[in-house]
Amino acid sequence: MAKGMILAAGQGTRVRPLTRDLPKPMVPILGKPVMEYLIEHLARHGVTEIMVNVAYHHHKIEEYFGDGSRWGVDIGYAYEGVREHGDILPRPKGSAGGMRSIQDQSGFFDETTIVLCGDALVDLDITAALAEHHAKAAIASVIAMDVPLADVQSYGIVVACQDGRIASFQEKPQPQDAKSTLASTGIYIFEPEVLELVPQGQTYDIGSQLFPQLVSHQKAFFVQNRPFHWIDIGRVSDYWSVLQRVLKGEIAAMPMPGKQVRPGVWAGINTSVDWDRVTIEGPVYIGSSVRIEPGAKIIGPAWIGHGSLIRSGAVITRSVLFEYTRIAAGMHFDEMIVSRHYCVDRHGETIYVGDESSPLRWGDSRAST
């Protein structure tokens, strides 16, 4: 069949502060890490041997996913770091460099391998993509998607011949300069020989270094333009938008957890809500052990993480509360992502708890009586 590689060693700087304490693949969507959806998807398509390269906050990924047996897969980890002054520090080797390091250790990539970025939601028909890759006798394939011409400056653009053979790449071109509207989705299919082109022991990137090499060597390197959902969480504003879409039920195979207790309202167990004295307009998910005091108002799409407390008179509009978040009485949080330590508006502006210049008051529900 095929093996899997999930790229999870990046620092996630563009989605700070969400990645202050979490690696980007662990950022939650409907209470589950992004990477969990990828592993479930790989398993559905029979990809059951999966390597994950890790660096920043690597233990959080390893502790959550373990050996993969909960998902019916085998997961291995490759830590990328250095020793400096007695400390072990994360230092990613680049997407291609990390794969070459794994190959040098064990020869793991001994058959066709599908490579996924650990921070995007996809529902690609992996089985069909692998079949096309083999039918073309490709040694490497890039899965791409047509994007509007106005959006090409946000992506790596693939320029291909009529038969799909890749001729060149453009990195975030201006619309007037774009030679194509095919955006690389960060999903690749490799044969083992591809990794022989990656220099040993060096930091080396798939997109900016390995791919130009494949083109210059005139290898059997193809693009696939496939219809599928690809939701990249590149920035905090993307994360907010993704959650709004998911909560509205626009993304297949991502059902709301909990039990539907009112039309458009789902709840976990042990919640405390006086339904006659609160206003809740769905879609809203209320996590387990959440307490919502009388007079509070929630307007969806909204997600209230487990253990949270919303005081009387507070208004939550189209927002996401991470677990154990306390919203003070009378506060209005509008189109925000809120955690115990910070809140971020949909444009990425961040306020931290205790900032006296902000009128907003919130904190940690675990400290509440």
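Give the calculated FRET efficiency between residue 43 and residue 329 to the nearest 0.05, with a Förster radius of 56 Å applied to their Cβ-Cβ distance. E between residue 43 and residue 329, to the nearest 0.05, is 0.80. For the pair residue 360 and residue 149, label points projected 7 Å from Cα toward Cβ lie 3.9 nm apart. Taking a ≥ b ≥ c as the square roots of the eigenvalues of the alpha carbon gyration tensor, region 281-342 is rounded, as a/c is under 1.5.
With the gyration tensor restricted to C-alpha atoms of region 256-367, the semi-axes of the equivalent ellipsoid amount to 22, 14, 13 Å, longest first. Subtracting the Cα-Cα distance of residue 88 and residue 259 from 0.36 nm times their residue separation leaves 57.1 nm of extension gain. Of the GluC sites (Glu not before Pro) found in region 78-145, the ones in coil according to DSSP and having at most 12 other Cβ atoms within 10 Å of their Cβ are 111. The overall shape of region 1-135 is oblate: from the C-alpha gyration tensor, with semi-axes ordered a ≥ b ≥ c, the ratio a/c is 1.5 or greater and a/b is no larger than b/c.
If you count Lys pairs in the chain whose Cα atoms are under 28 Å apart, skipping same-chain pairs closer than 8 places in sequence, the total is 27. Which residues does the label zone of residue 270 cover in region 286-316, counting backbone N under 15 Å from a point 7 Å along Cα→Cβ? The answer is 287-292, 305-309. Projecting label points 7 angstrom from Cα along Cα→Cβ for residue 110 and residue 341 puts them 4.3 nm apart. The label point for residue 74 and the one for residue 288, both projected 7 Å from the Cα toward the Cβ, are 3.2 nm apart. For residue 364, the amide hydrogen comes within under 5 Å of the amide hydrogens of 326, counting only partners 5 or more places away or on other chains and with H modelled in the peptide plane. Dimensions of the chain along the principal axes, based on C-alpha atoms and rounded to the nearest Å, stand at 68, 50, 41, largest first.
FYI, it's all coordinate maths here, none of it is from the lab. In this text the structure is predicted, and so the values were computed from the model without any measurement. Every residue, glycine among them, receives a Cβ derived from its backbone with ideal geometry; neighbour counts consider all protein chains shown.
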